[in-house]
Amino acid sequence: MTQTATPATDPGRANSTPTYQLFIAGEWVDSTTGETFESRNPANTNDVVGRFQQGGPADVARAIRAAEMAGPMWRRTPAPKRGEILYRFGQLMADNKERLSRAMTREMGKVLAEARGDVQEGIDIAFLMAGEGRRMFGDTVPSELPDKWAMSIRQPIGVAGIITPWNFPIAIPCWKMMPALVTGNTVIFKPSSDTPHCATLLVELMAEAGFPAGTVNLVTGAGSDVGDAIVESPDVPVISVTGNTATGRRIAERAARRLKRVSLELGGKNGIVVLADADLDLATDGIIWSAFGTTGQRCTACSRVIVERPALEPLLERLERRARALRLGDGLEPTTDVGPLINDAGRSKVEEYIGIGRREGELVMGGGRPETPGLQNGFFFEPTIFAGVKPMDRIGQEEIFGPVLSVIPVDDYQGAVTALNQTRYGLSSSIYTSDANAAFRAMRDFETGIVYVNAGTIGAETHLPFGGVKETGNGHREAGHAALDTYTEWKAIYVDFSGRLQRAQIDNQPD
Ligand code: NAP
């Protein structure tokens with residue numbers, strides 16, 4: 001098996017942009033379309049990371065064939081053996097952590113410390129799921145009849161279509177591929193068109209770790225083309241997608257016609273509630289980190305602060321002071337706190353919401369492109385705070401996916417709960433309070449898949465279930481042992497060693 005992507009296919013030109021390939025059936029290959037696309041550094045668009053194959057339906061068909069061919073061998077490989085390959089992959093990621101992190105910062109802009117965290121999430125889930133190779137528990141339960149055993153086992157579904165976003169370009173593919181592979185599925189991986197380089201580096205390491213040819217296939221290219229072909233194929237029975245809610249809804253509608261299993265991790269509008277008795281310095285730390293980390297482009301980013309009125313002014317004063325001190329720049333510079341947005345479309349969307357916010361609330365700070373010298377070639381945007389936002393305002397309701405924070409004043413705890421839950425999303429939430437009773441009420445009352453107490457909205461750990469309620473998803477969870485449910489079918493098995501016909505629900509009943 002070829003283990004490294006071809007980095008340069010134009011030997012005639014010194015320093016030419018490297019061109020990378022698809023990975024199908026254990027080989028790095030060109031797309032049948034003959035077309036490529038560029039990935040550029042969002043902090044400096046003059047920096048071209050590489051050229052990538054513009055895959056098409058024919059490439060997806062090749063990848064699916066390869067995955068189907070590898071399927072029987074892989075599902076018969078004992079799960080602990082599959083787990084050993086995951087362990088090797090996790091270790092290779094750990095050995096290459098700095099290289100992967102730097103490549104990530106260059107390709108999608110998050111600051112280096114956060115990129116390292118992203119890679120670490122990938123390592124953590126690889127090790128967690130490697131262990132599942134020796135667990136993957138089913139139930140062994142007593143039968144209601146004598147001389148009979150009853151048990152349940154998990155079985156793989158088949159070829160899994162893995163469609164991922166750019167904001168966690170290492171962690172999210174690992175969150176999906178590790179449980180899919182350890183349970184015996186084979187995968188077609190279609191990464192975001194904004195982060196094909198991270199995907200390529202990841203798959204190189206997977207090949208090096210020893211995943212057999214055809215078990216992992218990488219097809220880069222447009223969602224409307226490659227993604228669509230995966231979703232429409234009758235030979236890909238399970239799809240896992242992370243993206244915005246509109247994308248997820250379209251995929252779910254099409255996949256439903258073929259009765260596929262679809263796991264959706266979609267948009268968010270995460271809120272932090274600050275009660276009057278909160279430690280405001282602690283709350284400020286958590287809000288600044290949650291709102292402006294990854295330039296507000298985390299699915300769990302906090303974009304709403306819901307604050308009891310007595311704490312409003314002192315909190316706003318702290319938030320503004322801290323946000324004004326944040327330094328924008330290239331995420332590879334150690335002094336940078338906030339990197340660029342992902343692309344021009346992402347920045348235009350943020351700018352559109354700034355216009356909406358100016359009509360709905362009061363702009364406290366930010367709201368424009370920075371004028372700092374050296375940032376003109378990147379998609380930078382100032383950390384922005386709006387005050388006086390009402391819960392149902394558009395900036396308080398819609399996912400902006402940028403460094404824009406809305407501060408919503410409320411009268412009391414009940415008002416805070418109402419405001420927090422009055423959204424169509426339900427991923428993450430948080431409460432800052434020194435009242436243990438209020439904290440427990442929040443754990444009960446907040447309608448989100450994740451609740452934090454006295455911490456920001458970000459920081460999920462890989463051994464707990466991750467996902468959201470309402471239009472953030474469709475009831476599936478990633479990470480933890482819950483992730484196995486997406487990629488397995490339960491099989492119930494009964495073994496009767498009585499040597500005679502025994503009829504359940506009949507022979508063991510009184511006449
Ligand atoms: P996106 O535009 O929805 O894209 C996500 C993926 O879907 C990309 O690989 C994209 O390919 C692909 N895609 C687009 N249209 C498709 C189609 N018609 N058929 C099949 N695939 C298609 O989202 P994004 O901008 O990359 O990511 C940001 C969004 O993800 C935000 O809404 C964020 O909240 C959400 N997110 C959610 C979670 C969570 O766990 N809930 C985690 C992270 C991010 P192309 O790139 O080629 O268009």
Review point. For the chain, what does the alpha-carbon gyration tensor say about shape, rounded, prolate or oblate, given a ≥ b ≥ c as the root eigenvalues, a/c under 1.5 as rounded, and a/b over b/c as prolate?
Key: oblate
Review point. Tally Lys/Arg at +1 and Asp/Glu at -1 over every other residue whose Cβ is under 9 Å from the Cβ of Glu471; what's the total?
Key: +3
Point to revise | Cβ-placed point charges (K, R +1; D, E -1), dipole of segment 296-446 about Cα centre in debye, nearest 20 | key: 160
Revision key, fill the gap. Surrounding charge for Phe497, neighbours by C-beta under 12 angstrom, Lys/Arg +1, Asp/Glu -1, total 0
Check your understanding: Which ³J(HN,Hα) values, rounded to whole Hz and listed in residue order, are derived for segment 471-482 from phi using the Karplus coefficients 6.51, -1.76 and 1.60 in 6.51 cos²θ - 1.76 cosθ + 1.60 with θ = phi - 60°, glycine and proline given as x?
Key -> 7, 7, x, 10, x, 8, 9, 9, 6, x, 6, 4
**Study point:** Residues listed by number, segment 205-241, amide nitrogen under 16 Å from Glu253 label point at 7 Å toward C-beta
**Key:** 224, 228, 231-232
Revision key, fill the gap. When the charge dipole of the chain is computed with +1 at the Cβ of Lys and Arg and -1 at the Cβ of Asp and Glu, the Cα pointing farthest to the positive end, of Ser193, Ala43, Gly402, is that of Ser193
Review point. Between Val305 and residues 5 or more places away or on another chain, which pairs have amide H atoms under 5 Å apart, with H built 1.01 Å from N, and which residues are they?
Key: Ile272, Ser406, Val407, Ile408
Study note, to complete from the structure: Counting only backbone N atoms under 18 Å from a point 7 Å out along Cα-to-Cβ of Glu38, the residues of segment 95-130 in range are 106-109
Check your understanding: Which cross-chain or sequence-distant (5 or more) residues have an amide H under 5 Å from the amide H of Glu489, H modelled 1.01 Å from N in plane?
Key -> Gln155, Ile157
**Study point:** Dipole axis of the chain (+1 Lys, Arg; -1 Asp, Glu on Cβ), positive-most option in Leu145, Gln414, Gly271
**Key:** Leu145
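With N residues in segment 297-451, what two-decimal value do you get for its Cα radius of gyration over 2.2 N^0.38 Å?
On the way: Rg = 16.2 Å, N = 155, 2.2 N^0.38 = 15.0 Å.
That ratio works out to 1.08.
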Point to revise | Stretch gain in nm, segment Gln505-Glu27, where the contour uses 0.36 nm per residue and the Cα spacing is subtracted | key: 166.6 nm
Point to revise | 18 Å cut-off, amide nitrogen to a point 7 angstrom out along Asn421 Cα→Cβ, residues in segment 454-475 | key: 468-473
Review point. When the Karplus curve 6.51 cos²θ - 1.76 cosθ + 1.60 is applied with θ = phi - 60°, which whole-Hz ³J(HN,Hα) does each residue of segment 149-161 get, with x for Gly and Pro?
Key: 10, 9, 8, 9, 10, 8, 10, x, 8, x, 8, 9, x
Exercise for review: For segment 61-214, compute Rh as the Kirkwood radius over C-alpha pairs and then the Stokes-Einstein diffusion coefficient at 37 °C and 0.692 mPa s; write the answer in µm²/s, rounded to an integer.
Suggested key: 201
Revision key, fill the gap. Over the Cα atoms of segment 128-216 the radius of gyration and the largest Cα-Cα distance (Dmax), both in Å, equal 17.2, 60
Point to revise | Within segment 314-385: Cβ-based charge dipole about Cα centre, in debye rounded to nearest 20 (Lys, Arg +1; Asp, Glu -1) | key: 140
Check your understanding: What size of dipole, in debye to the nearest 20, comes out for the chain about its Cα centre when the only charges are +1 on Lys and Arg C-beta atoms and -1 on Asp and Glu C-beta atoms?
Key -> 960
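Determine the gain in length on full extension of the stretch Lys390-Asp147; use 0.36 nm per residue of separation and subtract their C-alpha separation, reporting nm with one decimal. Show your work: numbers first, answer last.
Numbers: separation 243, 0.36 × 243 = 87.48 nm, distance 6.55 nm.
That works out to 80.9 nm of additional length.
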Review point. Hey, what's the per residue convex hull volume over the C-alpha atoms of segment 430-508, in cubic angstrom?
Key: 199
Review point. Once every DSSP H run of n ≥ 4 in the chain is given -39500 (n - 2.57) and the sum is divided by its residues, what mean residue ellipticity at 222 nm do you get, rounded to the nearest 500 deg cm²/dmol?
Key: -11500 deg cm²/dmol
**Study point:** Counting DSSP beta bridges with both ends in the chain, the antiparallel % (nearest 5)
**Key:** 40
Practice item. Please work out how many pairs of lysine residues in the chain are eight or more positions apart (or on different chains) and have Cα atoms closer than 17 angstrom. Key: 7
Point to revise | Net charge of neighbours whose Cβ lies under 15 Å from the Cβ of Asn508, counting Lys and Arg as +1 and Asp and Glu as -1 | key: -2
Practice item. Please tell me the relative contact order of segment 355-477 in percent, rounded to the nearest whole number, where contacts are Cα pairs under 8 Å and at least six residues apart. Key: 18
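Calculate, for Glu208 and Ala345, the FRET efficiency according to 1/(1 + (r/R0)^6) with r their C-beta to C-beta distance and R0 35 Å; round to the nearest 0.05.
0.50
Where a number appears in this text, it was derived from the coordinates with a stated rule and is not lab data. The structure displayed is predicted, hence computed values, not measured ones. Every residue, glycine among them, receives a Cβ derived from its backbone with ideal geometry; neighbour counts consider all protein chains shown.
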